[in-house]
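Worksheet: one structure, shown below.
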Amino acid sequence: MPDICHEAIDRIAAVNRPSQFTIMENTINRLVASPAVTHLLIRGSFAHGTSDRLSDVDLVVGIAPSAFAEFVTVLDALAVAELGALMPGWPDRIVPRMGGLGYVHLVEDSGKLYQLDLYLAPSDKIDEITAFTRGHIIYTAPHSNDETPDPAVAQLVTDYLAMPPTCEQLVVEALVLGWMIRKRIARGQKFMAYAETHMLHTTARSLIRTALSPKTAFYGWYHLDTDIGVTPIGRSCLRELEALITSPPTPTVASLKNSIDRILTLAERAAPDAVNTLRLSIDAYLHHLDLG
């Protein structure tokens with residue numbers, strides 16, 4: 001029998017261990033410490049065995065219905081202080097509606113950015129979500145059956161999803177989409193990069209409307225010239241938006257860098273308070289995004 005050095009193999013495995021496992025373990029350890037957390041469910045590529053070194057860490061967090069509202073309010077603080085998030089989470093409005101609320105966080109590990117998706121759901125929805133996502137439950141609290149469903153949670157979720165995003169949330173959304181597009185470029189996923197680039201342009205438009213004409217009667221892309229373009233700041237923002245939407249529909253690293261620069265430029269003009277609030281987060285994001 002050959003003399004195998006298992007210690008050396010373990011060292012090699014530790015060096016090559018995907019950072020997402022470190023992020024996942026840290027997140028799990030922090031979450032299960034809360035008495036409000038009743039379940040943890042892994043979904044997405046890690047649950048289905050298709051993950052790579054760019055994959056998201058995707059968790060469903062079951063919350064006791066009586067603690068759901070409070071947990072939603074403290075999640076950002078928890079993510080920044082305990083999980084390594086660079087900024088508040090993006091309230092994910094494209095995730096399937098499963099009775100809860102989704103958030104996308106960008107977290108740093110060993111000098112690189114990774115995506116942490118947390119979907120908060122009342123504990124009574126976990127079985128349904130498990131079947132829908134084909135995920136794997138990895139934690140069930142001893143008190144998981146002690147809580148009863150609370151109709152107020154469903155109303156809270158409905159009200160939350162109906163709320164228009166703030167300027168700060170739209171800046172965060174643009175940054176998250178920029179990271180997602182960067183990941184698609186690295187993987188060669190041109191169709192996904194195209195779709196998310198369109199979403200990025202729409203976010204930039206929504207940021208301009210929210211900042212400069214929040215009570216407009218117009219919708220979407222209609223009447224931007226006559227609605228937004230009546231002030232010098234509005235015209236300046238529309239010039240950046242025009243340059244943005246005429247960039248390559250299938251992005252490159254260079255065009256993505258230009259797009260993010262333009263969005264931050266128009267954000268500084270239209271919503272300076274939001275940019276100032278996120279200044280340190282934006283600087284850290286640009287450093288870690290590595291667009292050259």
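Rule-based calculations on the coordinates, nothing more; no lab input. Not measured: the values here are computed from a predicted model. All Cβ positions, even for glycine, are placed from backbone atoms using ideal geometry, and neighbour counts span all protein chains on display.
Things to note:
- Where trypsin sites (Lys or Arg not before Pro) fall in DSSP loop in region 108-172, at most 15 other Cβ within 10 Å: Arg134
- Around Trp221: net Lys/Arg minus Asp/Glu count, Cβ-Cβ under 12 Å: -1
- Whole-number percent relative contact order across region 6-162, with pairs defined as alpha carbons under 8 Å at least 6 apart: 28
- Between Leu286 and Leu156, full extension at 0.36 nm per residue minus the direct alpha carbon distance yields a gain of 43.4 nm.
- Contour excess over end-to-end distance, with Cα ends at Thr231 and Glu70 and 0.36 nm allotted per residue: 53.9 nm
- When exposed loop sites are taken as chymotrypsin sites (Phe, Trp or Tyr not before Pro) in a DSSP loop with at most 13 other Cβ atoms within 10 Å, the longest stretch of the chain clear of them is 1-217.
- Cα gyration tensor shape of the chain, rounded if a/c is under 1.5, else prolate or oblate by comparing a/b with b/c: oblate
- Counting DSSP beta bridges with both ends in the chain, the antiparallel % (nearest 5): 75
- Secondary-structure-derived ellipticity at 222 nm for the chain, considering helices only, amounts to -17000 deg cm²/dmol, per-run term -39500 (n - 2.57) for DSSP H runs with n ≥ 4.
- Local net charge near Ser247, Cβ-Cβ under 12 Å (Lys/Arg +1, Asp/Glu -1): -1
- Cα gyration tensor shape for region 167-289, rounded if a/c is under 1.5, else prolate or oblate: oblate
- Proximal charge balance of Glu147 [Cβ under 15 Å; K/R count +1, D/E count -1]: -4
- Helix 151-162 and the longest principal axis of the C-alpha atoms of the chain enclose an angle of approximately 40°.
- Annotation: extensible slack from Thr250 through Thr148 equals 31.9 nm (criterion: 0.36 nm per residue apart, minus Cα-Cα distance).
- Gyration tensor (alpha-carbon) shape descriptor, region 36-80, a/c threshold 1.5: oblate
- Nearby aspartates and glutamates by direct alpha-carbon distance to Lys215 (threshold 20 angstrom, same-chain neighbours under 8 apart not counted): Asp159, Glu168, Asp225, Asp227, Asp273
- Loop trypsin sites (Lys or Arg not before Pro), region 202-292, which have at most 13 other Cβ atoms in a 10 Å radius of their Cβ (DSSP): Lys215
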